[in-house]
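**Q** Sharing a structure, written as structure tokens. Questions coming.
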Amino acid sequence: FDDMVVAQIRRLNGAWPELVAPVQFAVEDVPPSDPALGGRASLRIAVFPADHGIPPRIVLYRMPLQSHARSRMDLQFAIRDEVVSRLAELYGRRPEEIDPDWGM
């Protein structure tokens, strides 16, 4: 799982270093049980915009992503789409702008 996340970040960094480099990425097993901890969390990923000198962060949750995937390929696409969607959200862009294959 971690290798798949790293591969997507590297791929996107090659095309959009100015968007990817400032963002911190993390992987956790499950989302926090208390939504009051901050950020806007879905079941599979959370986005934390930059705040008071803290860079923006994207946290992927391993178990929810893996439980929805039917195959390794499906998991790779889910990771790609989630990372691209959240980068687009952080920068006010459309996901297709960042990755034309998004959602396919």
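The values are calculated or read from the model by the stated rules, or taken from the named source; none is laboratory data. All values derive from a computational prediction rather than experimental measurement. The protein model used for the area step is the full one, side chains on, heavy atoms only, and it has no ligands, DNA or RNA in it. Shrake-Rupley method; radii C 1.70, N 1.55, O 1.52, S 1.80 Å.
**Q** Have a look at A26, A15, A46 and tell me which one the Gaussian network model of the chain (Cα, springs below 10 Å) gives the largest fluctuation.
**A** Of the options given, A15 has the highest mean-square fluctuation.
**Q** Per residue, how many Å² of accessible area does the chain show with a 1.4 Å probe?
**A** Roughly 60 Å² per residue, with all protein chains present.
**Q** Something else: Working with all protein chains in place, sort W16, W102 by solvent-accessible area computed with a 1.4 Å probe, largest first.
**A** Largest accessible area first, the list is W102, W16.
**Q** Here is a further query. For the chain, what are the per-bin percents of Cα-Cα distances with bins 5 Å wide, up to the bin holding the maximum?
**A** Result, from short to long distances: 2, 13, 24, 26, 20, 11, 3, 0 percent.
**Q** Given a 1.4 Å probe and the protein chains all in place, what does the accessible area of D29 round to, in Å² to the nearest 10?
**A** For D29, the solvent-accessible surface is approximately 80 Å².
**Q** Further question: So, with a 1.4 angstrom probe, what is the percent of accessible area on the chain that is carbon and sulfur?
**A** 55 percent
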